[in-house]
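J.: One structure is given below, represented as structure tokens, and several questions about it will come after.
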Amino acid sequence: MDVKGPITKVTWKIEVLSDVHSKSMDVNGQVTKVTWRIENFSTIQDKKLCSENFTVDGNKWQLLIFPKGNAVDHLSIYLGVADSSTLLAGWRRYAHFGLAVIDQFDRELTITKVTTQVFDVNGADWGFTSFLPLTELHNPKRGYLVNDACLVEAYVFTDRSIGFISHELIVKTDSGKLKTKESDCVKGAMDNQRTTSTKAAEITNPSPTPPYCQIMSLSFGAPTLFFSREEAKEALTKVEKALNMTPVNCYDSWKLSPLKHAFKILASFDCSSTTLTIEQKKELLAMEESLKELADRAVKALQDKNFLTEKESIKLTMTHKLDRNVIRYKEVESEVKQVEKKLAALHVQVEEAQMERENMLAERKEIFKSSKEMKMELEALEKQWAEYEAMAKVAEEEESIVLAEWGRIKDFISSIKGKI
């Protein structure tokens, strides 16, 4: 095994990866990387573990892990908004992120998953319930638990315009320090144990087709390891299973990562009845990269198709909204004209009312004036009323005198009528 250097043992570490390159956009950016080393993993009794909070672009995040699975027989890992309970109603956060369980024997076999999500009050944590089968996690042949320590990494990017995170980015990060010393020791112990058992099997069972077959690297300079025929068959089954999937479905890092190991087993399998040529071995080793490249291309093609579909959906939605706006615009324009007519009619009524008001005010003024004059005349009459009463009394007496004299003359004429 080619040991390139130890990974620094940490319990919690936050880094900012600068100048991360996006091939699709041909730009560079910054990605926040979080490393969480969980010791004594198999003895954890808690259903859920929450990491320390970390900040990306001023917002607080945290990792959540279900060591025994979130109601499934897989390791479950999520990214969550750490302060969601204290945020104002209607809050939303965007994140493009990747999660990884590091293979401490071979970083290229690391299990990774990448997604993009919008976090809100209805979904404050997003991730993967079925991240890694627990059987694979606890498989001593894998490097996911070394000395009962699990190494989890998270990569978080919050710029909506560009997506930098990929399986390749995660695997290549820290490429100069891919293995811990303890993982080398454990792996070495496993190799020695496997070699010893093989030698014992060869001595006790010298059959033409031995139960273990030697792995030979193409450089023929690496240490020899031995695998059973059952392991070779299992590797072949994994490859066939992957090939029976579509390239897009096979893109999932969990489905691709174990293939590297499987192809190595098949390419190096060397039994007397099934010896492969060096060209065939080289081709097998190259196939793993070819499958990964084909899966990447298939996913990229699907993303491009989905991008067009998404844009078509947006275009259709905007077209419908525009049509509704045009119809509503015409409706509002008609309603405005009706309101203007009402305002014009009301304006005429207002003018007529104003004129009627002015006439009434003029009439009121005349009434007030004449009433004032009448009052003055009435006051003058009241002042002379006693005089008028005295004159009337004198007139009555005079009238009585006149009538009496009038009667006397009448009576005298009547008395002399017969004498004439």
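J.: If I stretch the segment between V339 and K13 completely, what's the gain in nm (0.36 nm per residue apart, minus their alpha carbon distance), one decimal?
T.: Contour length minus Cα-Cα distance gives 110.6 nm.
J.: Could I ask something else about it? Compute the FRET efficiency between A390 and R357 as 1/(1 + (r/R0)^6), taking r as their Cβ-Cβ distance and R0 = 60 Å, and round to the nearest 0.05.
T.: Details: r = 51 Å, r/R0 = 0.84.
My answer for the efficiency is 0.75.
J.: As a test question: what accessible area, to the nearest 10 Å², does F368 have when a 1.4 Å probe is rolled over all protein chains in place?
T.: 140 Å²
J.: Also, I was wondering about something else. Identify all aspartates and glutamates with a Cα-Cα distance to K341 below 13 Å; exclude those on the same chain that are fewer than 8 residues away in sequence.
T.: E333
J.: Same structure again: Can you tell me the accessible area per residue over region 255-410, all protein chains present, probe 1.4 angstrom, in square angstrom?
T.: On a per-residue basis, region 255-410 sits at 84 Å².
J.: Figure the gain on full extension for D304 and K141 (residue separation times 0.36 nm, minus the Cα-Cα span) and round it to one decimal in nm.
T.: Full-extension gain reported as 54.9 nm.
J.: With every protein chain left in place and a probe of 1.4 Å, what is the accessible surface of I265, to the nearest 10 Å²?
T.: 10 Å²
J.: Output wanted: per-residue J couplings in Hz (rounded whole) for region 285-292, from phi through Karplus 6.51 cos²θ - 1.76 cosθ + 1.60, θ = phi - 60°, x for Gly and Pro.
T.: Per residue, the Karplus-derived 3J(HN,Hα) values read 5, 6, 4, 4, 5, 5, 4, 5 Hz.
J.: Compute, for T237, the solvent-accessible surface of its heavy atoms (probe 1.4 Å) with the complete set of protein chains present, and express it in square angstrom to the nearest 10.
T.: In the full protein context, T237 sits at about 80 Å².
J.: Scan region 85-159 for trypsin sites (Lys or Arg not before Pro) in coil per DSSP, keeping those whose Cβ has at most 12 other Cβ atoms within 10 Å, and list them by number.
T.: Within region 85-159, the qualifying trypsin sites (Lys or Arg not before Pro) (loop, at most 12 other Cβ atoms within 10 Å) are K141.
J.: For region 87-136 and region 310-352, compute the distance between their C-alpha centroids and round to whole Å.
T.: One Cα centre to the other: 48 Å.
J.: Based only on Cα atoms, what Rg/Rh ratio does region 263-413 have, Rh being taken as Kirkwood's radius? Let's see the in-between values first.
T.: Working: Rg = 59.7 Å, Rh = 29.5 Å.
Radius of gyration relative to Kirkwood radius: 2.02.
The values are calculated or read from the model by the stated rules, or taken from the named source; none is laboratory data. Just so you know, these numbers come straight off a predicted model, no measurement behind them. Methodologically, a virtual Cβ is constructed for each residue, glycine included, from the backbone with ideal geometry; neighbour enumeration extends over all protein chains shown. Just so you know, the surface numbers come from the protein's heavy atoms only, side chains and all, with ligands and any DNA or RNA stripped out. Shrake-Rupley method; radii C 1.70, N 1.55, O 1.52, S 1.80 Å.
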